[in-house]
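Student: Quick one: the structure is below, questions incoming.
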Amino acid sequence: MAPISTRLVAVAVLSLWSCLTASAQSDTLVFKSGLSDYKLASHNNAPDIWVDSADFKGIRRAAGDLALDFGRVVGINGTVRLVDDSDIPSSPPSLIIAGAIGKSALIDDLVSAGKLKVSDIEGKWEAYTTAFVKSPLKGVPWALVVAGSDQRGTIFGLYDISEQIGVSPWYWWADVPPKRKINIWVQEKRKIQGSPSVKYRGFFINDEAPALTSWAEPRFKRTANGRPFTAEFYKLIFELCLRLRANYIWPAMWGSMFYVDSPENGPNADDYGVVIGTSHHEPMARAETEQQQKLEGPWDWIGNKKNITEFFREGAERAKDYDTLYTMGMRGAGDVESPTLTFESLEEILKVQQTILKDVMNVSDIGDVPQTWVLYKEVGRYYQAGMEVPDTVTLLWTDDNAGNLLRTPFINETDREAGAGVYYHFDYVGAPRSYKWINTIQLVKTWEQMHLAYEKGAREIWIANVGDLKPLEIPMTHFLDMAYDMSKHTTPDSTTEWIKRWAIREFGKPSIAEKTAQILNTYGKLIVRRKYELLSRQPFAYSVANYDEAERVIEEWSDLLDLAQGVYNGLPQETRTPFFEMVLHPVLAGKTVVELYIKTALNSWYYSQRRTSTDRLAKDVNDLFAQDAEITERYHSLEDGKWDPILNQTHIGYTFWNEPPANTMPNVSYHTTKNVPRSGIMGVSVQGSSKSSPGDPAPTLLPVDPYMPPSERRYLDIFTRDNGTFSYKITANTSYVTVSNSKGTLTAPGEKSDIRSRISVDWSRAPKGLSWVGLKVAAANGQATTAVLPVNKTSVPGKFHGYVESGGVVSIEAEHYADAEKKSGLSYTTVPHYGRTLSGVKLWPVTADSQTPSSAPKLTYSFHTFNSCNSARVMVFLGATLNHDPSRPLKYAFSIDGGDAVTVQPVPNTPMGSVPDGWEDAVIPGGWTSISTVKLSSGSHKLSLWLLEPGVIVQKLVIDVGGFKESSLGPLESYKI
């Protein structure tokens, strides 16, 4: 096998070639008359599919799937015929010939006769060509030929036809309806699909209780072990795997034993053409449950070496006839750190395992046996301590269980024969909170991390933990599509383009592609801020006091739901089901849970203000809790209960890292007469204050100035503090300040117990500098209070262009720089929809070397402050990315007004396999916030920013000159002139 440095060059060339050929081709099939004279199928005819009787079982089986797919699309099934030289069937009306080069005489004869070109795929891994061939056989005028370089190459070619005619890989698992066709024609074209970008690509069914287990139990005959993951279950999994152009699976492991539960599982996987592995802590093709039930003695290498060695050998013997990628090494019992293992003992374990494999597989070169060692958690520290790992074992690096890579290959590791890969999480059980309910993945973040991993040389294995599989269809498909053909995912906007292609494939309406991309991109932004399971954690995720953050978040979710519901309403009835499952449900269910927690927080806030509407919010929380259950029931009722109870994972009421036994309503407060102040029924509160006047001291509003962010407003809330009715009137003591809802009547109980009065300033009439305006709120019963509004009429020099301080802060989205240099082949790129607010900006390309402020290109931001501050803060809001190369920790540098550059390392160093100090504070809200203190005078300024490592991705910059208020998302973007 060639060294990986050579292979990386070859892969790079192959990727470029694949990109060029793909862009130069279109699909081979068309569905309108006049584009081709060669009809493949119609409502009264479907093709024969000929496969050599000596060809791989997996090809013969996939041909059967394609035959059924024609039935799903045109209403009549194709016919699979197994042929040999002595029995060529009579000529059918239309014909597909499929086979693997060197295994199919049908294909080899076409090649020998010069009728089919295969030189550009022959000998490659999982490549195929699909070609229109005239006179392929005597009496056959034409055929559509699928020739694969190997078994899976041919299978992928057959499933490519299925996709072209309108059958989604998710036709069963997500109820995507086939796109009906009246006629299907073949064009006189040849399509070439080169080798996949990543050699082994797949998914791990994990954390499968209670949801997947409960769903499978009544549907599949239980195994002798009492488990529902039988051969019939795995047949559905294998087919999905191959339709997604993946080739590799880690089977379910919670109490399950893939090879033992159903003895057919191993042979079936091999017949399908699927590679089977085992998870990070299940070496030598043996399940964790086997460690507990089948091993004599404890799972302890130091104390039970002989029995464990035999246990390993039994695993290899059982799997030797199947396509297996062996997980190597060892971890402690129960998927925890071993108290006895050292890197020396792990070296010994690997040697023993390789000796067993070499013996059992009867190979002279152990590199011919696929193997991987998963550097999960503490295992990475053994490697860092100097452990020697054979080059024939793929190093499978991992993320932090939250989508942030812990490690990518070093330059000196790229020559390893077996290369490197990534084990990535879309589902997890563990700290800071388990997340197992529904999709909480920001797709563009996955792209950013996996593109980085790919460019760093992790191209041998990609495997994603998909938990119960069902709620994670979209991130799973996105991940596997990248692994299959990275040439379509090379730029930051490729995720949005992928969503559009995916939406058209699944829902059949190009008109909804843009809106679906908007929905999923927005959903990713909203969910990366806080996973649902973390919303019960204190302090609460979103501020009810500052920047109107909690209310703004509800508005964002409401707008998103309106958009998703509108697309759903415009779809044909049969397409609504998969759209609900994959798109509308996570938005609807997610919005419900987020609103539940926000209204719980607002309920507490209103209680402190003594509002009678405290009770209405308490009712809303109760109603939302009931609505959550109703939404789940709606999902479970789809397709006559096909998915009941796939979403029974608890998700409300977490109190520590793991799931609660049942969804639990949050505690809410209720208004009582004890809350009613002597000062009467009328209450007045101002933005950002939990106080209530009259009774509490007269309120002072947040200051207002001409340069407030466009969507920021000042307001008073007027409300009832007891049951009854009162009328009010608001009077300003100056004419340049006006208020909405300046008079009215409020009644409790009822919906009209609260009113918001927004404040407007006529800046053309306001005096320069700081003035104070009184807003008197008087009730007809004699109650009154006066709120004081600081009005600060400031002005910026006419030549300034940039962002202006308001409220003591300047806030700038990272992509809104004044200037971005290009230097020595380096530049900056915007990653649309990345992060918590708008986007991210990173150094490009990701293969760039470490930089210094003198070598890196510069970003420039213009801002103006009215206040001088000796301890101003430069706050840089970053992604949650980690130091994936410990020799090159993430760094950026900044300077103000051309001063000395300050270099900052935002993520602390940490031992390999560990997370850094402050990790929870970054991973919970979806990013690091790095703060530096500077001395800043008033006036116009230039902030220079250099990103010194390609892994640094900045989302927002805030200059705090004394006004920053605690919140999750920070202040709104400042006014720009």
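Student: For the subset of segment 500-542 comprising residues that are of a type in the set (Val, Ile, Thr) and closer than 30 Å to Gly430 by Cα, which member is surrounded by the fewest Cβ atoms within 10 Å (Cβ to Cβ)?
Tutor: Top of the filtered list is Thr522.
Student: Name the single residue, out of those in segment 653-688 being small (Gly, Ala, Ser) and under 37 Å from the mean Cα position of the chain (by Cα), that is nearest to Ser974 (Cα to Cα).
Tutor: Per the criteria, the residue is Gly688.
Student: Where in segment 705-744 are there strands (runs of 3 or more DSSP E), lying wholly inside it, with at least 1 residues that are in the same structural domain as Asp548 (by TED's automatic domain parsing) and aliphatic (A, V, I, L, M)?
Tutor: On the way: elements: 714-720, 724-732, 737-739.
No strands (runs of 3 or more DSSP E) qualify here.
Student: Next question, about the same structure. From Ala503, Ala483, grab the single residue that is among the aliphatic types (A, V, I, L, M), in the same structural domain as Val444 (by TED's automatic domain parsing) and touching a Ser or Thr at 6+ places or on another chain (Cβ under 9 Å).
Tutor: Ala483
Student: If you don't mind, there's one more thing I want to ask. Take Tyr542 and decide whether it is part of a loop (DSSP other than H, G, I, E, B) and not assigned by TED's automatic domain parsing to the domain that holds Arg714.
Tutor: Spelling it out, Tyr542 is indeed part of a loop (DSSP other than H, G, I, E, B) and not assigned by TED's automatic domain parsing to the domain that holds Arg714.
Student: Need the failing condition index for Gly297 against (1) within 28 Å of the chain's Cα centre (by Cα); (2) surrounded by fewer than 17 Cβ atoms within 10 Å (Cβ to Cβ), just the number.
Tutor: (1)
Student: Does at least one position in segment 176-184 carry a residue that is over 28 Å from Gln573 (Cα atoms) and either part of a loop (DSSP other than H, G, I, E, B) or not charged (D, E, K, R) (or both)?
Tutor: Checking segment 176-184: not a single residue is over 28 Å from Gln573 (Cα atoms) and either part of a loop (DSSP other than H, G, I, E, B) or not charged (D, E, K, R) (or both).
Student: Looking only at segment 59-79, filter to residues that are β-branched (Val, Ile, Thr) and touching a residue at least 40 places away in the same chain (Cβ under 8 Å); which one of those is farthest from Pro177 (Cα to Cα)?
Tutor: Only one residue tops the list, namely Ile59.
Student: May I ask you to list the residues in segment 158-169 that are under 19 Å from Gly273 (Cα atoms) and either part of a strand (DSSP E or B) or not charged (D, E, K, R) (or both)?
Tutor: Leu158, Tyr159, Ile161, Ser162, Pro169
Student: Can you report the number of residues in segment 194-231 which are of a type in the set (Lys, Arg) and free of Cβ contacts under 8 Å to residues at least 40 places away in the same chain?
Tutor: 4
Student: Next question, about the same structure. Could you say whether any residue in segment 690-702 is under 30 Å from Asn792 (Cα atoms), in contact (Cβ under 8 Å) with a residue 12 or more places away in the chain and within 40 Å of the chain's Cα centre (by Cα)?
Tutor: Yes; the residues of segment 690-702 include at least one that is under 30 Å from Asn792 (Cα atoms), in contact (Cβ under 8 Å) with a residue 12 or more places away in the chain and within 40 Å of the chain's Cα centre (by Cα).
Here's the yes/no breakdown for (1) within 23 Å of Leu66 (Cα to Cα); (2) surrounded by fewer than 21 Cβ atoms within 10 Å (Cβ to Cβ); (3) of a type in the set (Lys, Arg):
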residue: Ala231; (1), (2), (3): yes, yes, no
residue: Arg243; (1), (2), (3): yes, no, yes
residue: Phe258; (1), (2), (3): no, no, no
residue: Ser262; (1), (2), (3): no, no, no
residue: Ser279; (1), (2), (3): no, no, no
residue: Ile302; (1), (2), (3): no, yes, no
residue: Asn307; (1), (2), (3): no, yes, no
residue: Glu314; (1), (2), (3): no, yes, no
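The values are calculated or read from the model by the stated rules, or taken from the named source; none is laboratory data. Remember, it's a predicted structure, so these values are computed and weren't measured experimentally. Every residue, glycine as well, gets a Cβ built from its backbone with ideal geometry; the counts of neighbours run over all protein chains shown.
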